[in-house]
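Quick note: the coordinates plus some simple rules give every number you see, no bench work behind them. These figures come from a predicted structure and were not determined experimentally. Cβ: placed from backbone, ideal geometry, glycine included. Neighbour counts: every protein chain shown.
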């Protein structure tokens, strides 16, 4: 918990700043819009957290989301269910492919997912014929991204459901415990008799599936499948996971803290919009990435110090 | 090339293992050369107008920035690290250069426009190296900071606007020709030769490979591993800065949103296809050049035969997996 203090403090400070400084920050409208937009990042970050907990990395989530958005848009004339399922299955397939290449061919996750990222982008461009694919005008598919359910944005609910299931799975399911064990020591897990390959394939499949869902939301929200979207999403997700205190060496991690990381990165953007709205200073959108980088740096430096002190204590 | 291999093996832990591994690895790097030659022969036979100076120049100039960034990436990968911030370093250097030579006329302006941006990029490397060596942050995470913030810094410097210019003296680095060969291509070959020499003939090169092979053991042997890693990150960032200057010179404009976008992944792909393991302890500078050329030539071949760029991406993915798989089985 102590290791996560910097992140929680930063999050609380930003929230406080927002509530005190901007009149409409704590409004239902803002919370709604915020969740709607950041739901996609929550989904991919939950998947990324699982992958990183096993000691791997998934660079393909961004282009997988783009691919899924194109698939969903192409299937939207056949109904909402077909579009959502199609996009999710497209993501799942790429995820399974990642897992199979990593476990069977024994190629590093970094290289594998870098390659499948290129491949998924290529297929998305081929399917979309190098252009955005509009969703069917008469379908209700758009509601999946734009609609509300009991006053809550549907994509936000999807993301929240994924986060809760992921949180429970990591804490108390066999799958979650196996993931943690493999990240701690793959060799030891194998010797203990865990089916390491099957768990790893499942982990990458989950990451692909969630990326696929993010892509479906992308298509529904913006009314089109976008083959060229998703650039840099994987690094957004990785930074959210890192902010959440998950080490990239694997073996430990937290879904709740990952979500806190997503909220922090999202809040920076949200607050910047409000600040510009006040009109005192006009901070260009470019400051957004600088500020995000500074937050990442701050949390990393603080975490490094906490970890160092912790190590010194346990060594003594 | 062969010397580089032998030299790499000289640091292998057990002499007995080194002998057998050497014989195998010799084939491993030769295979990349064979693949490249096979692709050349295929193109000579089946691609129209392939045998022309223009085709060669086009293909070579396409890979210049990737190879120059890839050289630095090879050094960092050899230490067992990775540098995701090279694209951001390119953008920063590309943003600074035009501001200097557009406001400072004369040869001094041009000279400073080369020196200052590369130094600024090197400073990014110092920052990365500081995080990696001092705070013991994992390289992916450490360089992620500048990957996110660096391009933003470049955009803030230029206010996000595109700087167009026409400055032949500066752009000579990219557009100049020596005996019909573009200067940037010569520069690329010289840098590859120099760094291949550094890796296999200098103390720094040896320290680099040993540090990547087993950092703990290297440290206990008295090798200044922190300084070696720091230097690798600085060189990587400075080379990226140079690549940024070439990139803006080719385009006669500098746009912080675009310069060096995605180059980190291209460079890592070239390094991997070139036979350098991402686990560290190996550095094939020549292999990185060949890796970049294989990827570029593949794309050219597919385009020349009417296969769309999008499909070429899928083939590129397959090539990366296949190349790394084949190298893996060798070891």
Longest to shortest principal axis, alpha-carbon extents of the protein assembly as shown, angstrom: 71, 62, 54
For chain A, built as a Gaussian network whose Cα springs stay under 10 Å, the top-fluctuating residue of A:184, A:208, A:277: A:277
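Helix-only mean residue ellipticity at 222 nm, chain B, DSSP H runs n ≥ 4 weighted -39,500 (n - 2.57), per residue, nearest 500. What is it? Please report the intermediate quantities before stating the final value.
On the way: 14 runs with 256 residues, N = 331.
After summing the helix terms and dividing by the residues of chain B, the value is -26500 deg cm²/dmol.
Among B:177, A:3, which comes first, second and so on when ranked by fewest other beta-carbon atoms within 10 Å? It would help to have the intermediate numbers written out before the result.
Working: B:177 13, A:3 17.
Exposure proxy ranking, most exposed first: B:177, A:3.
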Between the stretch A:71-144 and the stretch A:188-204, the Cα center-to-center distance that results, in Å: 26
Separation in nanometres of the label points that stand 7 Å from Cα toward Cβ, at residue B:162 and residue B:46: 3.8
Relative contact order of the stretch A:2-315, defined on C-alpha pairs under 8 angstrom at six or more residues apart (%): 33
Listed peptides A:243-256, A:49-62, B:85-98 by packing density, highest first (mean Cβ within 10 Å): B:85-98, A:49-62, A:243-256
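For an R0 of 60 angstrom, estimate the FRET efficiency from the Cβ-Cβ distance between residue B:183 and residue A:28 and round to the nearest 0.05. Write down the numbers at each step before the final one.
Details: r = 61 Å, r/R0 = 1.02.
After rounding, the FRET efficiency stands at 0.45.
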Euclidean distance between Cα centres, the stretch B:93-108 to the stretch A:218-290, Å: 34
For the stretch B:139-195 and the stretch B:244-268, distance of Cα centres in Å: 6
Average beta carbon contacts from partner chains per residue of B:306-313, 10 Å cutoff: 5
